[in-house]
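As structure tokens, the structure follows; a few thoughts come after it.
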Amino acid sequence: MGTQHRTPDQILEHRAKITELHKEGWQNKDIAEELGLADYTVCRDLAAVRAVLYEQAIENLDEARKLELAKINLIEAEAWEQWERSKQPRTTKSATKGDTVNKQSFKEEERGGDPRYMEIILKCSDQRAKLLGLVVNKVDMMSNGKPMQPIQIVEIRPASDRDQQQTVLH
């Protein structure tokens, strides 16, 4: 096939047809023959379609991640509010009836906070870390089934300082 100059509309139309045929299992050379295009044009168009789909998937994933983070933030904020409320002293009132006089008493009780709210806060923190990819899988920290040794960063000094020891930074 010779070099063809396609209009933007033709490119979009070809890419749609190429994608459809590719999904049906057609080979690139067969698609090229069917549409009267060069093999490399079909290949390039498929790569362009894949790139667009990849970008859309990333955008959709980012949007889903933002939505989930917003939910986690709302739950965590409410849990913090309830945690603070659960730490405030509680006043109880009791009344006793006598023959002639009714007696009331008030008792203030200090509280340390309801641990159920702290559990919710910790779960929110864990979920956020997982969603952001901040959790390292223990298997990822292994090399051939053995824990990897921590990496030491060594400061290399200029030639004038070489007679001194290298400094290990932590």
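Results, tabulated for the structure shown:
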item	result
Qualifying residue in region 72-87 (condition: touching a Lys or Arg at 6+ places or on another chain (Cβ under 6 Å), touching a residue at least 40 places away in the same chain (Cβ under 8 Å) and surrounded by 11 or more Cβ atoms within 10 Å (Cβ to Cβ))	yes
Residues satisfying the stated conditions in region 112-142, i.e. outside any helix (DSSP H, G or I) and modelled with pLDDT of 85 or more	Gly112, Gly113, Asp114, Leu132, Gly133, Leu134
Options Ala64, Ala32: the member that is surrounded by 14 or more Cβ atoms within 10 Å (Cβ to Cβ) and either farther than 30 Å from Ile121 by Cβ or at pLDDT below 95 (or both)	Ala32
The one condition in (1) of a type outside the set (Phe, Trp, Tyr); (2) touching a residue at least 12 places away in the same chain (Cβ under 8 Å); (3) surrounded by 12 or more Cβ atoms within 10 Å (Cβ to Cβ) that Arg90 fails to fulfil	(3)
Residue within region 70-85 that is at pLDDT 85 or above, among the basic types (Lys, Arg) and not in a strand (DSSP E or B) present	yes
Residue within region 37-45 that is out of contact with any Lys or Arg (no Cβ under 8 Å at 6 or more places or on another chain), on the phi > 0 side of the Ramachandran plot and either assigned to a helix (DSSP H, G or I) or in contact (Cβ under 8 Å) with a residue 24 or more places away in the chain (or both) present	no
Total residues in region 86-102, condition out of contact with any strand residue (DSSP E or B) (no Cβ under 9 Å at 6 or more places or on another chain) and assigned to a strand (DSSP E or B)	0
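The values are calculated or read from the model by the stated rules, or taken from the named source; none is laboratory data. This is a predicted model, so every value here is computed, not measured. For neighbour counting, all protein chains shown are included, and Cβ atoms are generated from backbone atoms with ideal geometry for every residue, glycine included.
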